[in-house]
Amino acid sequence: MTTQNLAYKPGLEGVIAAETRRSYVNGQTGTLLIAGYPLADIAGQATFEEVVYLLWLDRLPTAVELADFKSKLAALRPLPPATLTLLRAIADSGAPVMDALRMAAGTLSLDLDESDADALAMALVARFPTIVAAYWRLSHGQEPIAPSADLGHAANYLYMLKGERPSPAQARGMATYLNTVSDHGLNASTFTARVIVSTQSDLVAAITGAVGALKGPLHGGAPGPALDMVFEIGQAERAEAYLREKLESGHRLMGFGHRVYKVRDPRAEVLAAAAETMYRAGGDMALYELAKSVEQTAVALLEEYKPGRNLQTNVEFYTALLLHGLGLETALFTPTFAVGRVGGWLGQCFEQIADGRLIRPKEAYIGEMDRQWVPLEER
């Protein structure tokens, strides 16, 4: 078959390349389902381990199954010695956290049987937080903190970063965030993982590729600037003048608008509620109230300056507020997103493995035809 009569879709826009039971995204209605469950119903109640189990097996675990799953994950949290040695070397170079995660991810099967897909998947989920936390501390002149087997996934991540056991409200806030970003349709990193695993390559290769895709700012985003804007505004009464100046200067308002969602991002809704709960339990409520005021002003002004485009709050705005409230610096925002998304990447990989078909789209040739070779001395 030639490509002459096939329609070219830039960026594969609108092309259906896979079937999934992992997540359903409807940008027109602002709907996000995680394996059939509305995000708002599950993100703030489930543990991260429950959501990963759901994404892999398409059902919630029983109490016995969950205890076994959590125990297996906790046992796999320590890194292979070679991975830790690599992280020390990377820290000496001053590389960003996402670069360290990309490089270290490829080493996570060193102490495992690469033919055991279940063990590889468990290790990837268990060890992503350990990589990020260990590298963060090493890059700041501190020794890594060994994972705690008696803490849940989200709480243990915060513990390894800070060296202090988080409060229940902090652990809940982190778990809600990880659940919220666990899967989101056939985005760039998920597609990357599915393409790689469709070649019958291994899960570690697929997830390392997904990290590489997430590292790009057009996919991983930049939650930090959304919070920087709130800090620059400082007081609610300054928001309108500040935001008008930004819009009239042609600047984009960070944290607003999304390629998929034409209404308010449902993830923003969930994270806003999670941030409020966490801040009320022991955070800076003045900052939370300022962020809410900035959001309301920004949405109103965007409708005034860009009528009909319906530029609403996206996941970046409340990601920044929630993770800041948990004590994470901006450089940790995208790596923490990867800590949450790795479970979804793997669930999608399992679907692709079951499908068994190599992903091999066509491309349209637009170059010249029938060129004539010219010897070097005659050019």
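So that you can scan it fast, the table gives a plain yes or no per residue for (1) in a helix (DSSP H, G or I); (2) farther than 24 Å from ILE353 by Cα:
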{"residue": "THR29", "(1), (2)": "no, yes"}
{"residue": "VAL51", "(1), (2)": "yes, no"}
{"residue": "ARG59", "(1), (2)": "no, no"}
{"residue": "ALA67", "(1), (2)": "yes, yes"}
{"residue": "LEU79", "(1), (2)": "no, yes"}
{"residue": "THR85", "(1), (2)": "yes, yes"}
{"residue": "ARG88", "(1), (2)": "yes, yes"}
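The set of residues from region 327-346 being of a type in the set (A, V, I, L, M) and in contact with a His (Cβ under 9 Å, 6 or more places away or on another chain) comprises just one member, VAL339. Candidates in region 48-64 are the residues that are surrounded by fewer than 21 Cβ atoms within 10 Å (Cβ to Cβ) and β-branched (Val, Ile, Thr); of these, the one that is farthest from LEU346 (Cα to Cα) is VAL64. Return a yes/no flag: does region 149-157 have any residue that is acidic (Asp, Glu), surrounded by fewer than 18 Cβ atoms within 10 Å (Cβ to Cβ) and not assigned by TED's automatic domain parsing to the domain that holds ARG252. There is at least one residue in region 149-157 that is acidic (Asp, Glu), surrounded by fewer than 18 Cβ atoms within 10 Å (Cβ to Cβ) and not assigned by TED's automatic domain parsing to the domain that holds ARG252. When region 363-379 is examined, which residues are found to be over 30 Å from ALA7 (Cα atoms) and either in contact with a helix residue (DSSP H, G or I) (Cβ under 7 Å, 6 or more places away or on another chain) or not β-branched (Val, Ile, Thr) (or both)? Of everything in region 363-379, those that are over 30 Å from ALA7 (Cα atoms) and either in contact with a helix residue (DSSP H, G or I) (Cβ under 7 Å, 6 or more places away or on another chain) or not β-branched (Val, Ile, Thr) (or both) turn out to be TRP373, PRO375, LEU376, GLU377, GLU378, ARG379. Of the residues LEU73, LEU12, LEU6, the single one that is more than 26 Å from PRO217 (Cβ to Cβ), in contact (Cβ under 8 Å) with a residue 40 or more places away in the chain and not assigned by TED's automatic domain parsing to the domain that holds GLY344 is LEU6.
Residues in region 141-190 that are of a type in the set (S, T, N, Q) and either at pLDDT below 95 or not in a helix (DSSP H, G or I) (or both): GLN142, SER148, SER167, SER182, ASN187. Among the criteria (1) over 26 Å from ARG357 (Cα atoms); (2) touching a strand residue (DSSP E or B) at 6+ places or on another chain (Cβ under 6 Å), the one LEU33 does not fulfil is (1).
The values are calculated or read from the model by the stated rules, or taken from the named source; none is laboratory data. Computed from a predicted model, the values in this text were never measured in an experiment. Here the Cβ is made from the backbone with ideal geometry for all residues, glycine too, and neighbour counts use every protein chain on show.
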